[in-house]
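The values are calculated or read from the model by the stated rules, or taken from the named source; none is laboratory data. Values in this document were obtained by computation on a predicted structure and should not be read as measured data. With ideal geometry, Cβ positions are generated from the backbone for all residues, glycine too; neighbour counts draw on all protein chains shown. Ligands, DNA and RNA are stripped out before the accessible areas are found, and what is left, the full protein with its side chains, is counted by its heavy atoms. Shrake-Rupley method; radii C 1.70, N 1.55, O 1.52, S 1.80 Å.
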Amino acid sequence: MTPDPIRYLIIDDNELDRLVVTTMMEHYPNLKHCGSFENPLEAISAIHAIKPDLLFLDIEMPQATGIELLKTVRSIVCTAPKKLDTSWGHFYG
């Protein structure tokens, strides 16, 4: 029996970054791309509908930060361990 794929969304205001993540994740057959969003506020309804297992979030976006978005939807997507990975030094305190 094949396990269910890990469903993920990409939320990033940079089109090239969304494309890079999409292309990289295509190499993993156990992952299922369920959508990409430029605007984190527009992604909220998809997060509620899809209940993804994984979110790829940009940290700094004009409408809201990835951290703010995660706080908004935490009751939906926070059933799994969390990991923040960033190259932005000021987020490490």
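Which GluC sites (Glu not before Pro) from segment 11-54 combine a DSSP loop assignment with at most 12 other Cβ atoms within 10 Å? Sites meeting the loop and neighbour criteria: GLU26.
Each Lys or Arg adds one and each Asp or Glu takes one away; over the other residues whose Cβ falls under 13 Å from the Cβ of HIS48, this sums to +1.
In the complete set of protein chains, residue-level accessible area for HIS48 is approximately 90 Å², probe 1.4 angstrom. Taken over segment 4-66, the percentage of Cα pairs per 10 Å bin, counting from 0 up to the bin with the maximum distance, is 24, 55, 21, 1. Spin-label model, MET1 to GLU60: label points 7 Å out along the Cα-to-beta-carbon direction sit 4.7 nm apart.
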